[in-house]
Number of protein chains: 2
Amino acid sequence: MVSSIPLFLMGCGGVGRQLLRHIISCRPIHSKQGVRLRVVGVSDSKSMVAVPDILTSEFHDDFLLKLCKLKSSGASLHELANSGECQVFSGQEIAMKVVDFASTLRELSGLTLVDCSASAQTIAMLSELVNLERCCVVLANKKPLTSSLEYYDKLVSQPRRIRHESTVGAGLPVISTINRIISSGDPIFRIIGSLSGTLGYVMSEVESGRPFSQVVTAAKSLGYTEPDPRDDLSGMDVARKALILARLLGHRINLDSIKVESLYPVEMGPDVMPLEEFLVNGLPILDNDIKKRIDIASSNGNVLRYVCLIEESRCEVGIQEVAKDSPLGRLKGSDNVLEIYSRCYREQPLVIQGAGAGNDTTAAGVLADILDIQDLFRH
Amino acid sequence: MVSSIPLFLMGCGGVGRQLLRHIISCRPIHSKQGVRLRVVGVSDSKSMVAVPDILTSEFHDDFLLKLCKLKSSGASLHELANSGECQVFSGQEIAMKVVDFASTLRELSGLTLVDCSASAQTIAMLSELVNLERCCVVLANKKPLTSSLEYYDKLVSQPRRIRHESTVGAGLPVISTINRIISSGDPIFRIIGSLSGTLGYVMSEVESGRPFSQVVTAAKSLGYTEPDPRDDLSGMDVARKALILARLLGHRINLDSIKVESLYPVEMGPDVMPLEEFLVNGLPILDNDIKKRIDIASSNGNVLRYVCLIEESRCEVGIQEVAKDSPLGRLKGSDNVLEIYSRCYREQPLVIQGAGAGNDTTAAGVLADILDIQDLFRH
């Protein structure tokens, strides 16, 4: 008995391309497990390619590798129009065509939509598609889950047909573990974690006495931060992850109800201060304040971590003092760590730790999610 | 759309009874998820009770609670014979009847067998049942997975229809995480962990200078050990867990091919030395040797842990020196910890840590497994 899973991939940036490569290299493993992943369409932000006949055909692995190479070079999917191996669609057509495909396939086999984009454009389409019978959704994209509660409720209305492990901690088993705990009736009363590799690195490095500005500049040149490090320092990426976890625990909140501490003041924001000025003149002004806070924490025997904290009705993101010898306090480098407290893990938390970023790990998490829904495609 | 999952529970010791209580208290959560767990039979080592009509009836929650109370008091299931609420079977009849039930149910809904016993008696039946279409197996019992390779291969021949999270680390997401990593094509090249709460406690306590004999005696009086602590100190329970993990990674080995270090010499074994003599005269003789080993480790800046190590063709269980500041080296108390090294987690491992024993946690892991196979019961 073979599960054949038709896949439609949205987004072919680093994660999407890595996912295609993983799918190809895992064919022997999946074949042993009785699963066949059939890629039938791929889209980037402007174009979409699909197999000539959605019911019977699939993209060959060499076409997918060619597509990866093309996208790595910065070209558009549109350049595949003349290959003779696919149909190409653009703009408004894309969403319509995907819904078409899903409707066609739902009688036969179903369709899995994999969103590896970082776009908010996919939200409306995804929440429509999830209502079609046998249509599953796998997300690395955080946006669909952190938009309005209305969209969120639509997306998770069929909980067995959505997976999104890689939205928090990349491939680390965070979402699957929380779902297991909830299913077994073990109430989670507190989650605290460091969910940004960048901020984890920054906070553990400043602890040893290096000035904040120096650590951030070093992190930037090591490629640990976004091109503009304020994208990390704002805490908004962590806030999105916190929102996903809080909603999973049943909190009826939105992104703007989360208390988020930015590591730079508004007057140094990207709309006010050019990047170069922020790096040269802005950052060093922040050194003293961080140093003072570290000293206070240290005099309490604690260290500072940039954490996400969810507890009762609280959902906060920012710097907190944590015990030096807790899993969070011991964190070094860019690992993520999550402590989960529940009835079963009351005094000592359940701890999950490891690399929480990177295309390879993120794509591996997406692929594990796809394999996790295979029973819905078994005939 | 509701998944109705008929359950047959084997073993109503502490874990089995806790599972029944969890099932009852989780009904509102499962109902929201569209799942109904229907307990149709329960067996202990000698008897089995089943609903009057396997196709249509299920045990009421108050009957299950009565059953739990009865078993807690040490009585036999046979005492329910006159309740008028069940059929009762004994001895040889049991296995035959279970196969009967599974055959009857496979056309209609399927059956999930949950093995919470600690018995080797269930192995033959389980490996027969797993071949019946729509028959699923959930294990807390380690014996079926640590018997011969022939039985192992039979049991896992339908990998989607077997779950056994609670065989290693109780409810900790160890097996599910390893399966996710394997499915995503990320090769695991090393697993090292402390998988015995008892031995974890003993090794971290002796580190602080307390004599081994004193720590073991204290652990016994705290209820951390089996009634005869040699059952823990032999390492055989850890060896079974190591075998389960090694086989999951593809090692074609048996229990007797694992190098197991016992913390007492053969001449102090249960067949040779009575328990009382072991505790009073045997244990103290071992203090010096352990102390010497601790001192050597300490002079290398390391600590000793009783670990399971799986690496290439190696599968070993015993005392190892580990770095003081590794997740294993920092372990205190009775938590389990597992470090997984793979391509994605090459330098820094993926770490899972938390309580790895206890009826509550173990039963929660079993229940999460049952919920995990629900898609196979959806109609």
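Rolling a 1.4 angstrom probe over region A:188-355 with all protein chains present gives an accessible area of which 49% lies on carbon and sulfur atoms.
For peptide A:320-332, how many partner chain Cβ atoms fall within 10 Å of a residue's Cβ, on average? Before the final figure, lay out each step's value.
Working: counts 0, 0, 0, 0, 0, 2, 0, 4, 0, 0, 3, 0, 2.
Mean partner shielding for this stretch: 1.
Counting only whole DSSP H helices of chain A, the ones at least 15 Å long by C-alpha along their axis and with mean Kyte-Doolittle hydropathy no lower than 0.0 are A:14-25, A:61-72, A:92-108, A:236-248, A:359-372. Sorted from nearest, the other copies put their A:A124 label points 6.5 nm away, the label point being 7 Å from Cα in the direction of Cβ. Across the identical copies, the label point of A:P52 (7 Å from Cα in the Cβ direction) is separated from its matches by 6.5 nm, in order from shortest. Within a Cβ distance under 10 Å of B:S342, other residues only, what is the Lys/Arg minus Asp/Glu net charge? Overall, the nearby charge balance is +2.
Quick one: net charge of B:I175's neighbours, Cβ under 13 Å, K/R +1, D/E -1?
Values: positive: A:R180, B:K142, B:R163, B:R180, B:K241, B:R247; negative: B:E165, B:D369, B:D372.
Value of the local net charge: +3.
The residue of chain B whose Cβ sits closest to the rotation axis that maps B onto A, together with that distance in whole Å, is B:D375, 2.
Centroid-to-centroid, using Cα positions, region B:326-377 and region A:14-80 are 33 Å apart. Here the Kirkwood formula puts the hydrodynamic radius of region B:1-132 at 14.9 Å, using every distinct Cα pair. Annotation: lysines with alpha-carbon distance below 20 angstrom to A:K66 (same-chain offsets under eight excluded): A:K46. Each eigenvalue of the Cα gyration tensor of region A:269-379, multiplied by 5 and square-rooted, gives one semi-axis; in descending order these are 34, 24, 13 Å. If only the Cβ of Lys and Arg carry +1 and only the Cβ of Asp and Glu carry -1, the dipole of the protein assembly as shown around its Cα centre is close to 680 debye.
Counting only protein heavy atoms and a 1.4 Å probe, chain A has 40 square angstrom of accessible area per residue.
Working from label points 7 Å from Cα in the Cα-to-Cβ sense, the B:I296 to B:V272 distance is 2.2 nm.
What number, rounded to the nearest 500 deg cm²/dmol, is the helix-based mean residue ellipticity at 222 nm of chain B, given -39500 (n - 2.57) per DSSP H run of at least four residues and division by all its residues? Only helices count here, giving -11000 deg cm²/dmol. Kirkwood analysis of the protein assembly as shown, using all unique Cα-Cα pairs, places the hydrodynamic radius at 27.8 Å. Expressed to the nearest 5 percent, the antiparallel share of DSSP beta bridges inside the protein assembly as shown is 60 percent. Please give the net charge around A:E205, taking every other residue with its beta carbon less than 14 angstrom from that of A:E205, where Lys and Arg add +1 and Asp and Glu add -1. Residues near A:E205 contribute +1 overall. Once both labels are modelled 7 Å past Cα along the beta-carbon direction, what's the A:S313-B:F189 spacing in nm? Once both label points are built, they end up 5.2 nm from each other.
If you place +1 on the Cβ of every Lys and Arg, -1 on the Cβ of every Asp and Glu, and leave all else neutral, what size is the dipole of region A:188-355 about its Cα centre, to the nearest 20 Debye? Provide the component values of the computation, followed by the final result.
On the way: 19 positive and 24 negative charges, 147 e Å.
Dipole of region A:188-355, to the nearest 20 debye: 700 debye.
Starting from the label point of A:E347 at 7 Å along Cα→Cβ, the same points in the other copies fall at 3.7 nm, in ascending order.
If you average the alpha carbon positions of region B:168-236 and of region A:191-233, how far apart do those two centres end up, in angstrom? When both Cα centres are located, 35 Å separates them.
Once both labels are positioned 7 Å from their Cα atoms along Cα-to-Cβ, the gap between B:S262 and A:E85 label points is 6.2 nm.
Expressed as a rounded percentage, what relative contact order does region B:1-86 have, with Cα pairs under 8 Å and six or more residues apart? Intermediate results must be reported in sequence, preceding the final value.
Numbers: 104 pairs, mean separation 27.1, N = 86.
Once normalised by length, the contact order is 32 percent.
All alpha carbon pair distances within chain A were sorted into 20 Å bins beginning at 0; the resulting P(r) in whole percents reads 27, 54, 19, 0. Taking every alpha-carbon pair within region A:77-151, the share separated by more than 20 Å comes to 38 percent. In terms of distances greater than 23 angstrom between alpha carbons, the cross-link table entries A:K32/A:K241; A:K292/A:K324; B:K97/B:K154 yield A:K32/A:K241. In region A:188-355, the C-alpha radius of gyration followed by the widest Cα-Cα span (Dmax) gives 15.9, 50 angstrom.
A plus B alone minus the pair: what accessible area, both sides summed, probe 1.4 Å, in Å² to 100?
On the way: alone 16880 and 16890 Å², together 30040 Å².
Buried surface at the A/B interface: approximately 3700 Å².
Here r is the Cβ-Cβ distance between B:A120 and A:R343 and R0 is 45 Å; the resulting FRET efficiency, rounded to 0.05, is 0.90.
If r is the Cβ-Cβ distance from A:K32 to B:L222 and R0 is 51 Å, what FRET efficiency results, to the nearest 0.05?
Values: r = 46 Å, r/R0 = 0.89.
After rounding, the FRET efficiency stands at 0.65.
Computed in the context of the full set of protein chains, the accessible area of region A:5-62 at 1.4 Å probe radius has 55% of its extent on carbon or sulfur.
The values are calculated or read from the model by the stated rules, or taken from the named source; none is laboratory data. Computed from a predicted structure; not experimentally measured. Backbone-built Cβ (ideal geometry, glycine too); neighbour counts: all protein chains shown. Heavy atoms of the whole protein, side chains included, go into the accessibility calculation; ligands, DNA and RNA do not. Shrake-Rupley method; radii C 1.70, N 1.55, O 1.52, S 1.80 Å.
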